[in-house]
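The values are calculated or read from the model by the stated rules, or taken from the named source; none is laboratory data. Note that the coordinates shown come from a computational prediction; the quantities given were computed from them, not determined experimentally. Ideal geometry is used to build each Cβ from the backbone, glycine not excepted, and the neighbour counts take in all protein chains shown.
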């Protein structure tokens, strides 16, 4: 029998499918809280969406959320200056709201009544969506930057950090974020002044690569290289 190379799963498919298998078998009797962390433009949202799709297809309920739903108001985010890396790392997100509305309700001691977002940063206004009740066996998958900082680390049952170089982060941003920021020059300025140095502060403060259960080199998204697998 001749194997058809076209029928073989790709390196990415193998990694994503293995992660999905791991999630399916973890905490089947309660809500599983999963963080997909990594630098800006690392591919966190794409991976989280892929995992959510597989888990849904296999019958386990999924709650998808992003730290972007828990921004601080613009006056707080920009109080150190719009290009401040300290402002990005320290002031961008409302972690109290993230815990109160999402992570604590879905903890083993929580009531499972959660909200996936509390603030619309594009319109700089609070959100007041009603709380929903999670199924008892749901998987919460949250993507975003800085999820393994000290005040959040204990909130996760399983964490994955996607590692990419600063140069690759900027390269992807120049493809992805021009419409958001208006020009390639503005994207470059914001990344070089704020986002990349903000990630350096995060690495120095929280060491997320060392603390993540799983560590994946995501420089080539089509061929992710597993550096550490969750036990």
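If I filter region 135-153 for residues that are surrounded by fewer than 20 Cβ atoms within 10 Å (Cβ to Cβ), outside any loop (DSSP other than H, G, I, E, B) and free of Cβ contacts under 8 Å to residues at least 24 places away in the same chain, do I get at least one hit? So far as region 135-153 goes, no, none of its residues is surrounded by fewer than 20 Cβ atoms within 10 Å (Cβ to Cβ), outside any loop (DSSP other than H, G, I, E, B) and free of Cβ contacts under 8 Å to residues at least 24 places away in the same chain. Would you check which residues across region 1-22 are modelled with pLDDT of 95 or more and either surrounded by fewer than 10 Cβ atoms within 10 Å (Cβ to Cβ) or in a helix (DSSP H, G or I) (or both) and list them? Of everything in region 1-22, those that are modelled with pLDDT of 95 or more and either surrounded by fewer than 10 Cβ atoms within 10 Å (Cβ to Cβ) or in a helix (DSSP H, G or I) (or both) turn out to be 11, 12, 13, 14, 15, 16, 17, 18, 19, 20, 21, 22.
This table checks each residue for (1) in a loop (DSSP other than H, G, I, E, B); (2) buried (at least 17 other Cβ atoms within 10 Å of the Cβ); (3) out of contact with any strand residue (DSSP E or B) (no Cβ under 8 Å at 6 or more places or on another chain).
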{"site": "65", "(1), (2), (3)": "no, yes, no"}
{"site": "83", "(1), (2), (3)": "yes, no, yes"}
{"site": "101", "(1), (2), (3)": "no, yes, no"}
{"site": "110", "(1), (2), (3)": "yes, no, yes"}
{"site": "116", "(1), (2), (3)": "yes, yes, no"}
{"site": "123", "(1), (2), (3)": "yes, no, yes"}
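The set of residues from region 23-49 being surrounded by fewer than 18 Cβ atoms within 10 Å (Cβ to Cβ) and touching a residue at least 24 places away in the same chain (Cβ under 8 Å) comprises 24, 26, 27, 28, 29, 30, 45, 46. Against the conditions (1) over 19 Å from residue 87 (Cα atoms); (2) surrounded by 13 or more Cβ atoms within 10 Å (Cβ to Cβ), residue 193 satisfies every one except (1).
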